Amino acid sequence: MIFVLLGPPGVGKGTQARLLAQRHNLEAVSTGDMIRAEVALGTPLGLSARAYIDAGNLVPDDLILQMVEGRLQNRLAAGFLLDGFPRTVPQAEGLTALLARTGRQLRGVLQIVVPEERVVERLGHRRVCPECNRVYNLESQPSAVPGRCDDHPGVPLVLRSDDDPVTVRHRIRVYHQQTEPLVAWYRERGLLREIDGLGEVDDVAGRIEAALDGAVP
Ligand code: AP5
C-alpha cells in the first residue's frame with residue numbers, strides 16, 4: 001500500500017503523513033527528514049546534500065533515488081506514505097521502476113493545496129523536534145510546554161535552517177518549476193486526488209480519509 005503526499009513547502013504533508021501513518025499502520029517516509037539525518041551524521045550523502053537544502057534547492061535525483069531505494073527495498077512488505085518524494089519527473093519514473101521491480105503499485109497521489117501566503121505564514125511559525133522530527137506550530141499546533149517537544153521534553157524545538165522567509169519563497173518557486181509538472185503527470189495516470197489543505201489539521205485529515213475512500217484498511 002503506497003501513497004504519495006504532494007504539494008509545496010508548508011501545506012502540511014509531514015503533519016498529515018504522521019497522522020495517516022498512525023491510523024493505518026503505514027510507514028511515513030520523508031526524504032527531507034532522511035536527508036537532514038544524513039547531514040546531521042556528516043555522511044558523504046549528507047555532506048553533498050547540505051548546500052542544496054540550505055539554499056532551498058532540490059538535491060540531485062541520483063542521490064535521492066539511491067537513498068529511497070535503499071530505504072524501500074529492505075521493507076517490501078510494509079505500506080508507505082511518501083512525503084516529499086518524488087519531486088521531479090525523473091524521480092517519479094524511478095519510483096515507478098522500483099515498484100515494478102518489486103511487484104508493487106502506487107495506490108494514489110494526494111495533492112494538498114493551500115494558498116501561498118498561508119504556507120509562508122505557517123512556515124514562519126513552524127518549530128520541529130530535532131530528535132523525532134515531530135512538527136509543531138507556534139500558532140496552530142503548539143507543544144504542551146513552550147519550546148519543548150511533547151515526546152522528548154528535554155529537547156528544545158528548533159526553527160529549520162531553510163524556513164527563513166527568503167528561502168521559503170525560493171523553495172516555493174522551485175516547487176512550481178520542478179515539482180508541479182508531477183500534478184499533470186499523475187493526473188494523466190489516474191492517480192491524483194486533490195485535497196483542500198485549509199482548516200484544522202483534523203478537518204484536512206478527514207478530507208484525506210474521504211479521498212482514500214476505503215483504499216487503506
Ligand atoms: P522537505 O523536508 O520535504 O520540505 P518541504 O517539502 O519543503 O515541506 P515542508 O516540510 O516544509 O512542509 P510540509 O508540507 O511537510 O508541512 P508541515 O506538515 O511541516 O524538504 C526539504 C529540502 O530537502 C528540500 O528543499 C530539498 O532541498 C530536499 N529534498 C527533500 N526531498 C527531496 C526530493 N525528493 N528531491 C530533491 N530534494 C529533496 O506543516 C508546516 C507548518 O504548518 C507546521 O508548523 C504545521 O504545524 C503547520 N500546519 C500543518 N497543517 C496545518 C493546518 N491544517 N492548519 C494550520 N497549520 C498547519
For region 147-160, Karplus couplings with θ = phi - 60° (6.51, -1.76, 1.60), whole Hz, Gly/Pro x = x, 10, 6, 4, 8, 9, x, x, 9, x, 6, 10, 8, 5
Whose amide H sits under 5 Å from the amide H of I195, counting only residues 5 or more places off or on another chain, with H placed in the peptide plane?
-> Q111, I112, V113
Quick one: if you stick a label point 7 Å off each Cα along the C-beta vector at R173 and H152, how many nm between them?
-> 3.3
Can you give me the relative contact order of the chain as a percent, contacts being Cα pairs under 8 Å and 6 or more apart?
-> 29
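Once the piece of chain linking E93 and E188 is laid out straight, how much longer is it, given 0.36 nm per residue of separation minus the C-alpha distance between them?
Contour length minus Cα-Cα distance gives 32.8 nm.
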Determine the gain in length on full extension of the stretch T43-E69; use 0.36 nm per residue of separation and subtract their C-alpha separation, reporting nm with one decimal.
-> 7.6 nm
Amide H neighbours of V155 under 5 Å, counting only residues 5+ apart in sequence or on other chains, H built in-plane at 1.01 Å?
-> C149
Theoretical gain in end-to-end length, E27 to L138 [0.36 nm per residue, Cα-Cα removed] = 37.3 nm
Rounded to a whole number of µm²/s, how large is the Stokes-Einstein D of the chain at 4 °C and 1.567 mPa s, given Rh as the Kirkwood radius over C-alpha pairs?
-> 73
DSSP beta bridges in region 60-217 [antiparallel fraction, %, rounded to 5] = 55
Tell me, what ³J(HN,Hα) does each residue in region 95-100 have, in order and in whole Hz, if you take phi through Karplus 6.51 cos²θ - 1.76 cosθ + 1.60 with θ = phi - 60° and put x for Gly and Pro?
-> 5, 4, 5, 4, 5, 4
Whole-Hz ³J(HN,Hα) from phi, Karplus 6.51 cos²θ - 1.76 cosθ + 1.60, for region 54-69, glycine and proline x = 4, 8, x, 9, 6, 6, x, 4, 5, 5, 5, 5, 4, 5, 5, 4
Calculated [θ] (222 nm, deg cm²/dmol) that DSSP helices of n ≥ 4 give over the chain, each run adding -39,500 (n - 2.57) = -14000 deg cm²/dmol
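Where a number appears in this text, it was derived from the coordinates with a stated rule and is not lab data. Since this is a predicted model, take the numbers as computed values, not measurements. Every residue, glycine among them, receives a Cβ derived from its backbone with ideal geometry; neighbour counts consider all protein chains shown.
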